[in-house]
Structure formats: C-alpha cells, structure tokens
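The values are calculated or read from the model by the stated rules, or taken from the named source; none is laboratory data. The model shown is predicted, which means the values in this text are computed figures rather than measured ones. Please note: Cβ atoms are built from the backbone with ideal geometry, for glycine as well, and neighbour counts cover all protein chains shown. Surface accessibility is based on the protein's heavy atoms, side chains included, excluding ligands, DNA and RNA. Shrake-Rupley method; radii C 1.70, N 1.55, O 1.52, S 1.80 Å.
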Amino acid sequence: MTQTASDPSAIDHVAVLRSKPYLSALVLAALLGIPISVVAYGFLALMSKLQEAIFEDLPGDLFSGGTPAWWPLPWLLLCGLLTGSVIRSLPGNGGHSPAFGFQVGGGPPVPRELPGVVLAAAATLGLGAVLGPEGPLIAIGGGLAALTVHLVNKDAPPMALTIMASAGSFAAVSTLLGSPLLGAFLIMEAAGIGGATLSLVALPGLLSSGIGALVFIGLNNWTGLGTFSLALPTVPPAVSPTISTMAWALVLGAAAAPIGWAIRSAALSLRPVVHRNRVLVTGALGLLVGLIAMSYQLISGHSFTQVLFSGEHALPELVADAADYSVGTLILLAICKTAAYALSLSAFRGGPVFPAILVGGALGIAASDLPGMSLAASIAIGIGAMCTTMLRLPLTATLLAVVLLGADGVSVTPPVIAAVVASFVMTGLLPEPRGPSVGDTPVANDG
C-alpha cells in the first residue's frame with residue numbers, strides 16, 4: 001500500500017521533534033497554557049459563585065427554616081429556557097451534545113461558535129442541570145488556542161492547529177479531575193491517539209497542562225476561591241482485596257452496563273422531541289430535573305443539591321458521611337441522579353464524566369456491606385464501572401477510580417480493573433442505544 005502525507009506512519013516523527021517549528025510549538029504551548037488556564041479558572045469560579053448565590057445564599061436570606069424543596073423548580077425551568085435559546089439562536093449549537101458521549105474529535109470550535117459554547121455551558125452548569133464542566137472547557141481551551149494560532153499565522157498547517165488546539169484543551173482541564181495527567185489521558189484516549197503520533201501531540205499538551213496546573217494552584221492561593229479539582233479529602237481505610245471482592249467486582253461491573261445503557265438510551269430517545277421545539281422542550285426537561293431533585297429532598301430529607309449539578313462537590317460529602325446514609329437512601333439518590341442525568345444529556349450542554357462518578361460512588365457505598373466488600377474498594381469499583389459504561393474509555397475510568405482514592409488506590413486497583421473489564425465487555429454486548437432516525441435529524445442551529 002502506498003503511503004501518503006496524510007498517513008501518520010509516513011511522517012518522520014524524529015525529524016518533526018527536532019524541527020524548529022515543533023520546538024516553537026512547545027514554547028507557544030507553554031505560553032498558551034497561562035491565559036487559557038486563567039480563563040478556565042475564571043469560568044469555574046463564576047459557575048461556583050453562581051450556584052452558591054442561587055441555591056444557598058438567596059434562599060438562606062429569604063427563608064428562615066431552610067431551603068424549601070420546591071426552590072430548584074423555577075431555576076431549572078429558567079436553565080432550560082436559556083440553554084435552549086442559546087443553542088437555537090447562536091452559531092455552533094452550543095457545542096457537542098453530551099448525549100453522544102464524551103467527544104473531542106471534529107476539531108475545535110471556530111471563533112464565531114465560542115460565545116454559544118460559553119453561554120450554553122454557563123446556563124447549564126450555573127442553574128443546576130446535571131452535567132459537568134469538562135466538555136465545554138475542552139472546547140473553550142481548544143477554540144482559544146486555535147484562534148491564537150490563526151492570529152499568529154493564518155496559513156498554519158492542519159497538524160499545527162491540531163497540536164495547539166489539543167494543548168489548549170489540556171490546559172483548560174489541567175486540574176479538573178484531580179491530576180493534570182488524568183485530564184491529559186482522558187483527552188488522548190477519547191481522541192484515539194496512539195503510536196509515535198501520540199508523542200507529537202502529547203508533549204505540547206502535557207507541557208501546557210503542567211503550566212495550567214501551576215496557574216490553578218497560584219490563583220487559588222491568591223483568591224482563595226478553590227482549585228476546582230475533584231478530590232476526596234476523607235478516604236476510607238484501605239483493605240486488601242479478597243476473592244469475594246474480586247467476584248463482587250465482576251458482578252457490579254456487569255451490572256453497571258445496563259444502567260449506562262438505560263441512561264444513554266433515554267437521552268437519545270428524547271432528542272427527536274427536543275428538536276421539535278428546542279426552547280420549550282428544554283425548559284420542560286429542566287423543570288422535570290427540578291421535580292426529581294425536589295422529590296429526593298421530600299422523600300429522603302437530604303438536600304436537593306445532591307441530585308443537581310455535576311456531583312463534584314456532593315461526592316466528597318457523601319463519602320465522608322457514608323455511615324449516615326441508609327442503603328435505601330443511597331439507591332434513591334442513584335435513581336434520582338440517573339434520571340436527572342439522562343434528561344440533562346438529552347438537551348443541555350456539558351460533560352458526562354462527573355455525574356457518572358457520583359452515580360457510581362453512590363451505588364458503590366450502597367454495595368459496601370456485601371460480604372467480602374470494603375468501603376474503599378466498593379466506591380472505586382462503582383466509579384470505575386459507571387465511568388466505563390458511560391464514557392467507553394476503560395483506561396481513563398481505571399485511572400480515575402484509582403487516583404481518586406489517593407494512597408488507598410494501589411490496594412483497590414485489582415478489583416477496579418476487574419469491574420472495568422466486566423463493564424466494558426457487557427457494554428459491548430448490549431445493543432447500541434437507538435438515536436434519532438433520519439427523519440428526526442435536527443436542522444442547522446438546533447443540534
């Protein structure tokens with residue numbers, strides 16, 4: 001077979017690494033990591049303050065007996081109306097739909113699409129929909145980096161744009177998952193980058209990610225707003241895995257697959273309905289998310305905020321207070337979060353990673369009393385299995401579950417691997433979730 005310039009194997013990677021343009025790209029990646037990570041930090045800080053003002057400060061000022069269960073209803077309705085309006089009205093459809101999973105392909109958004117990505121994500125995340133910030137941040141980081149390259153050199157080759165856009169994405173999520181390496185690994189596995197090409201793309205990205213992590217830490221020390229990094233301050237004590245632990249890991253991993261299938265199927269089946277009237281249907285779905293959160297508070301007595309949002313802040317509290325939750329309450333939380341997650345995937349804009357982590361963590365805690373199971377292993381198994389079936393990125397899911405438990409991650413690695421493998425295999429055996437048919441294909445600006 002004749003090799004062409006478009007064939008990665010035809011590229012002399014050693015020559016590229018030694019070339020002056022590539023060395024210049026490394027310098028530019030390091031420089032871009034600073035402003036892009038500042039923008040990402042500012043976006044996350046703004047979302048955090050908006051959530052706190054609407055769902056904590058405002059009801060605290062208005063009500064003396066605690067926040068009423070109905071409080072999220074008007075805000076989730078507004079969330080849907082604003083998100084739907086942005087997606088329908090602005091170029092770029094507000095970015096990728098998370099209903100199709102974690103996506104990094106297709107190139108970064110062009111400059112005219114960036115406002116839509118930012119505004120749709122801000123409405124989704126700030127007003128309580130159940131999605132994470134990683135998808136929009138990757139798009140924003142890649143779009144800003146590509147814009148910079150165009151401004152510097154309008155005739156930049158496609159490879160240069162790809163490398164620098166990847167570096168911008170790496171910087172934007174540098175500490176979001178708890179480690180710059182995890183964010184980088186997520187992007188690389190999702191993009192399917194391998195072989196010698198991996199080094200060409202990864203080096204600028206890792207450099208930009210490291211710079212971004214330093215910027216996040218510095219801004220936290222300066223502002224005190226936080227690092228906006230997924231972490232478990234309280235980690236259950238490690239227990240060496242047993243044969244029973246490994247057996248339960250296989251069972252729980254396989255059980256996670258149909259849950260993920262149900263979430264994706266529900267999200268995809270709702271998309272044709274959303275396309276009929278983007279604004280009104282997205283508003284109605286937002287209201288349904290609010291009703292689910294309200295029901296959880298009324299039934300369980302715990303705050304509706306555990307159902308809303310990405311779950312990044314709810315998970316550490318859930319793990320720290322695991323003994324205060326009955327198995328029934330944990331299952332109720334998982335059901336409510338799963339339903340709100342599916343509705344949010346169908347019409348809103350954000351990332352699918354963090355809600356999967358919360359659902360897996362809740363189910364893991366619920367399963368921790370099974371014979372031969374420990375709390376640390378059960379949490380890690382649940383997170384690894386749910387992230388695998390939702391993202392279909394088994395290596396990232398394994399690393400995420402292991403790294404999240406810190407020093408205890410080493411001892412839980414074998415059962416996490418078993419759960420991830422079982423979840424990935426079972427997900428592959430299940431039928432592919434059915435999306436909209438050809439007749440349901442959205443028109444432009446209504447994706």
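In whole Hz, what ³J(HN,Hα) sequence does region 278-293 give by Karplus (6.51, -1.76, 1.60; θ = phi - 60°), x for Gly and Pro?
Per residue, the Karplus-derived 3J(HN,Hα) values read 3, 6, 5, 5, 5, x, 5, 5, x, 5, 4, 4, x, 5, 5, 5 Hz.
Over region 216-358, with every protein chain in place, what whole percent of the accessible area is carbon and sulfur at 1.4 Å, could you tell me?
Working: 3830 of 5570 Å².
Heavy-atom surface of region 216-358 belonging to carbon and sulfur, 1.4 Å probe: 69 percent.
Can you return the lysines within cross-link range of K49? Criterion is Cα-Cα under 27 Å, with same-chain partners fewer than 8 residues away left out.
Of all the lysines, those that pass the test against K49 - Cα under 27 Å, at least 8 places apart if same chain - are K337.
Treat every Asp and Glu Cβ in the chain as -1 and every Lys and Arg Cβ as +1, leave all other atoms uncharged, and give the resulting dipole magnitude about the Cα centre to the nearest 20 debye.
Details: 14 positive and 19 negative charges, 181 e Å.
For this selection, approximately 880 debye.
When the helices in the chain are scored as -39500 (n - 2.57) per DSSP H run of 4 or longer and the sum is shared across all residues, what 222 nm value do you end up with, to the nearest 500 deg cm²/dmol?
Details: 17 runs with 298 residues, N = 447.
Result for the chain: -22500 deg cm²/dmol, rounded to the nearest 500.
Ignoring ligands, DNA and RNA, please state the percent of accessible area on region 28-173 from carbon and sulfur, probe 1.4 Å.
Numbers: 3910 of 5790 Å².
The C+S portion of the solvent-accessible surface of region 28-173 is 68 percent.
Taking H placed 1.01 Å from N in the peptide plane, check which residues at least 5 places from G132 or on another chain put their amide H under 5 Å from its amide H.
Excluding prolines and chain starts, which carry no amide H, the hits are G351, V353, F354.
In Å², what does the accessible area per residue of the chain work out to with a 1.4 Å probe?
Details: 18270 Å² over 447 residues.
Normalised by residue count, the accessible surface of the chain is 41 Å².
Once Rg/Rh (Cα atoms, Kirkwood Rh) is worked out from the coordinates, which option in [x] 1.03; [y] 0.97; [z] 1.60 does it equal?
[y]
With a 10 Å radius around each residue's Cβ, average the other Cβ atoms per peptide and rank 60-72, 175-187, 120-132, 81-93, highest first. Let's see the in-between values first.
Details: 60-72: 13.8, 175-187: 23.7, 120-132: 27.1, 81-93: 21.6.
In descending order of packing, they fall as 120-132, 175-187, 81-93, 60-72.
Can you tell me the order of 266-279, 147-160 when each peptide is scored by its average per-residue count of other Cβ atoms within 10 angstrom, highest first?
On the way: 266-279: 18.7, 147-160: 14.0.
By packing density, highest mean first, the sequence is 266-279, 147-160.
Of G142, G33, G101, which is the most mobile in a GNM of the chain whose springs link Cα atoms less than 10 angstrom apart?
G101
Which ³J(HN,Hα) values, rounded to whole Hz and listed in residue order, are derived for region 211-223 from phi using the Karplus coefficients 6.51, -1.76 and 1.60 in 6.51 cos²θ - 1.76 cosθ + 1.60 with θ = phi - 60°, glycine and proline given as x?
4, x, 4, 5, 5, 4, 5, x, 5, 5, 5, 7, 9
Report ³J(HN,Hα) in whole Hz for each residue of region 92-103, in order, from the Karplus equation J = 6.51 cos²θ - 1.76 cosθ + 1.60 where θ = phi - 60°; Gly and Pro get x.
After applying 6.51 cos²θ - 1.76 cosθ + 1.60, I find x, 6, x, x, 5, 7, x, 4, 8, x, 6, 10 Hz.
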